[in-house]
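**Student:** Here it is, the structure, as structure tokens.
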Amino acid sequence: MDDTQYPASFSPLTIEQTRELAAAIREVFGGNLSRESFADKLLMFLEDVPGYEFCENAVALTTSAWAEYTDRDP
């Protein structure tokens, strides 16, 4: 029996967490992903994170992380 309880809502990622996530994607997949590929990789990274597996705010998160991803030098 799984009696694990999760809060109804999770806090959004901080700016620093978003930067680190964008940096991790850049490190693993390189700095030349299209926005569509980037969004796929981002959601792949988050699919096993409790509260983010069906990221309801995927558009906002993708927009923020994409801005960080494209703002960094390779």
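**Student:** For segment 21-55, what are the residues that are touching a Pro at 6+ places or on another chain (Cβ under 9 Å), surrounded by fewer than 18 Cβ atoms within 10 Å (Cβ to Cβ) and modelled with pLDDT of 90 or more?
**Tutor:** Matches in segment 21-55: Gly30, Gly31, Asn32.
**Student:** Now for a separate question. Against the condition surrounded by 10 or more Cβ atoms within 10 Å (Cβ to Cβ) and either at pLDDT below 75 or in a loop (DSSP other than H, G, I, E, B) (or both), how does Pro74 come out, does it pass?
**Tutor:** Answer is no for this residue.
The values are calculated or read from the model by the stated rules, or taken from the named source; none is laboratory data. Given the structure is predicted, the values throughout are model-derived calculations rather than measurements. Cβ sites come from the backbone with ideal geometry, for glycine too, and all protein chains shown count toward neighbours.
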